[in-house]
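One structure below.
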Amino acid sequence: MMRLRLWRRDLVCQQAVELVSDYLEGTLSRSDRRRYEAHLAGCPHCTEYLAQMRKTIQLTGTLTPDDLTPQMQDDFIALYRQWRADSPTD
Amino acid sequence: MDSGTDAQLLTALRAGDERAFVTLVRRHHDAMLRLASSFVPNVAVAEEVVQDTWVGVLRGIDGFEGRSSFRTWLFRILVNRARTTGARERRTIAVGDTEAAVAASRFDGGGSWASPPERWIEEVEDRLEAGKLADFLRTAIDDLPDRQRQVVTLRDIEGLSSEEVCSVLEISESNQRVLLHRGRSRLRQAIETGFGRPS
């Protein structure tokens, strides 16, 4: 019973926001994960915060590269051709 | 040619396919430039580091055995070149434990939200032009402290695993996690500041 009480000790929001990344990375200990999820169940703000962190990661992951400028593309093609010309093997 | 995995493009490149080279360059250029910029003093030097990295890739391509992923190999070359370019090489600074994910002033004395997260998910999904959001995010990423920017770029833009990021940047798993947590937390805050509405 004592152990049960210990790991059910409530998190506060300020602690919960520091656990978000480890939670999403799956690196929280089982007891911390339970405490975090128990906190979420009673806290709409931290639930929203978690959703926002997920969204942030998703948005960052969908950034597509700016295309190369024609000048840069030419530079890289020149770099490649120079290397081909210098390659002793072919 | 714009599709295809890095491994397929690498095979084509080995066979002398110039378009495969350009496709690989195009695919990784942004992340490489962003990463290089976090080590050197200006964009011009960062661009040189990126070009130099591709020269290294071409020279080393026959020796690359695929034990690591192409991206890990590519970014390791980049980081090595950027570090030896060295103008802004600094000693490793310990990851301090002072930066909070959310400013302390937003919580009350008991640690509960006093000023809860403003809502923005619907706003950015429904009402914001995708290009505008992308520009906003790029700026926010560029504004991150160097080490956070390095980890966020590799993990969240390029999609490397945490192990790969540790290998590329030569940092410990725990440092990687802390830097990622702080970087992502700052980005979330930037979006909230830019687009949030009080709930």
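Here are the numbers for the structure shown:
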read-out	value
Any hit, region B:23-36, residues being among the hydroxyl-bearing types (S, T, Y) and closer than 26 Å to B:I141 by Cα	yes
Selection count where residues are in a helix (DSSP H, G or I) and crowded, with 22+ Cβ neighbours inside 10 Å, scope region B:158-169	2
Flag for B:V165 being at pLDDT 95 or above and either facing chain A (nearest Cβ under 9 Å) or closer than 23 Å to B:R34 by Cβ (or both)	yes
Residues located in region A:39-90, provided they are outside any helix (DSSP H, G or I) and at pLDDT 95 or above	A:C43
Region B:12-51, subset more than 13 Å from every other protein chain (Cβ to nearest Cβ) and of a type in the set (S, T, Y), residue farthest from A:D74 (Cα to Cα)	B:S38
The lone exception for B:G4 - which of (1) assigned to a helix (DSSP H, G or I); (2) over 19 Å from the mean Cα position of the chain (by Cα); (3) surrounded by fewer than 18 Cβ atoms within 10 Å (Cβ to Cβ) it fails	(1)
Count - residues of region A:1-20 that are at pLDDT below 95, crowded, with 18+ Cβ neighbours inside 10 Å and part of a helix (DSSP H, G or I)	0
Residue within region A:41-62 that is more than 10 Å from every other protein chain (Cβ to nearest Cβ), more than 29 Å from B:G60 (Cβ to Cβ) and in contact with an Asp or Glu (Cβ under 9 Å, 6 or more places away or on another chain) present	yes
In region B:168-196, the residues that are in contact with a Phe, Trp or Tyr (Cβ under 7 Å, 6 or more places away or on another chain) and more than 10 Å from every other protein chain (Cβ to nearest Cβ)	B:V168, B:G194, B:F195
Residue within region B:84-93 that is at pLDDT 90 or above and either in contact with a helix residue (DSSP H, G or I) (Cβ under 9 Å, 6 or more places away or on another chain) or assigned to a loop (DSSP other than H, G, I, E, B) (or both) present	no
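The values are calculated or read from the model by the stated rules, or taken from the named source; none is laboratory data. Fair warning: this is a prediction, and the values are worked out from it, not measured in the lab. In this analysis, Cβ positions are derived from the backbone assuming ideal geometry, glycine residues included, and neighbour counts consider all displayed protein chains.
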